[in-house]
Structures are given as C-alpha cells and as structure tokens.
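K.L.:
Okay, here's the structure, questions in a sec.
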Amino acid sequence: MYVSELTEEKLSNEVIDHLLFDKIEDTGENGDVILVLGSIKASKYRVPVAVNAYKSARAGKILLSGGAMREFPDGKSIESENMYKKVLELGVNKEDVILEKESQNTVENILCSMVVLQREFYLDRVKKIILVTAEYHMRRSLAIARYLFPDHIKVIPCPAKDDNTNRDNWWKTPEGIKRATNEALNLITYVKNEVFPDFVI
C-alpha cells in the first residue's frame, strides 16, 4: 500500500508502527557532519545522541538546526541556541558546532541547513550526513532530507529515543498514541501535498 492511500480510518496500531518505525536503523557509519533537528525537548533527547556520535568520532562537526522561539526551563530562546548550550555542557568543542537559526519546521530545517552547509563547506564536499531526531519523527525527516539534499549526499538515520514515543512503547500511553498518530497523519499529508514522493509501506 502506498502512503497516499492511507486515511486516518486506516491507521491501526500495526499500520502506524510499520509506517513510522520499520527499517529505520542507524548503520553506524561515519559522516561529514551530524545534523540535529530542533524541538522543545531536543536538548534532553536528541543532543546527547549527537554528542555521543561526535565523541565516537563519527563526524567532526555538529550542525544544530532550529530557529523557532521556545520557552525553555532556563528562559526563552530559539531551539538551536538552547541546543548549543547543551552541546558545550556535554563537552563538544565550540569550534566544531554550527548553528542554523532560521528554520521554523522540519522542511525548513533541511532547506536552511543546506544553505549553512554550502557556506561552511560547499555542498559538493559533503558526502554523508548523520541525521539526529526523535525516533518517531525520523521517517518524515529522513524522507524530506533524502528528497531535498543533492543526490550525492547520503543521509544516515541516528534516531533518539524519548520517554514514550518509541517503537517499544508508543502504544502504551495516550500521549504516545496521540503523538504517533499525529506524526503518521503528517506523513500522509506531506505525501499528498507532494513535499516528497509517495512510497510503499
């Protein structure tokens, strides 16, 4: 079945699980840069995963993407600046961190990050990107990145687990069910709006 054939009525737990999580695996490959997509809780869940990849020498640079203004526990700031404080706290060299401060959503994360990468390295020199976002958000993020980045760039998924929207527990809580269902609906909408090509699940 193609994603475009799905409707909210067809989103059983089995379909949602397959759509969001099937075959999303980190291959462990190295890359040229680690791209972290921002969110209200990115510093808690996504940044540590990115820092672990950095400290494992999988890539020498971390690109923090997110320009949305948020109210964080330590004050109001944009997502990338909040993540920046966390990566430094976790021991990343500040010269190895790049900030993307304009994007307001997932599509713009990728588009604006391309501009930043072009300015920092030239896109032709970037061969592999390690993409870090929440596990349930990875399918859509990966589809966007693989569609919008030039064909010569390989995008490697590096999913971060949160508390209640992972493959092994999303269906156990109302919050997890709601978040996973909304993400599945977002995927369907993106395909129907031709943000990226349709695909078979």
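K.L.:
Any chance you could give the angle, 0 to 90 degrees and rounded to 10, that helix 42-55 forms with the longest Cα principal axis of the chain?
P.N.:
The answer is roughly 60 degrees.
K.L.:
Next question. In the chain, what % of DSSP beta bridges are antiparallel (nearest 5)?
P.N.:
Working: 5 of 22 bridges.
Percent antiparallel among DSSP bridges in the chain is about 25.
K.L.:
For each pair in LYS101/LYS172; LYS23/LYS172; LYS10/LYS85; LYS101/LYS128, compute the distance between the two Cα atoms and list the pairs where it is over 32 Å.
P.N.:
Result: LYS101/LYS172; LYS10/LYS85 exceed 32 Å.
K.L.:
Rank these for me by crowding, VAL200, VAL97, VAL36, going from fewest to most other beta carbons within 10 Å.
P.N.:
VAL200, VAL97, VAL36
K.L.:
Can you tell me the alpha carbon radius of gyration of segment 39-98 divided by the globular rule-of-thumb value 2.2 N^0.38 Å?
P.N.:
For segment 39-98, the normalised Cα radius of gyration is 1.06.
K.L.:
Please state, to two decimals, what the Cα-based radius of gyration of the chain comes to when divided by 2.2 N^0.38 Å (N = residues).
P.N.:
Compared with the compact-globule rule of thumb, the chain sits at 0.99.
K.L.:
What trypsin sites (Lys or Arg not before Pro) in segment 92-165 are in a loop by DSSP, with at most 13 other Cβ atoms within 10 Å of the Cβ? Intermediate results must be reported in sequence, preceding the final value.
P.N.:
Numbers: sites: LYS94, LYS101, ARG119, ARG125, LYS127, LYS128, ARG139, ARG140, ARG146, LYS154, LYS161; in loops: LYS101, LYS127, LYS161.
Those satisfying the criteria are LYS127.
Taken together, the values in this text are just the output of simple stated rules run on the coordinates, not laboratory data. Computed from a predicted model, the values in this text were never measured in an experiment. Glycine also receives a Cβ, built like all others from the backbone with ideal geometry; neighbour counts cover every protein chain displayed.
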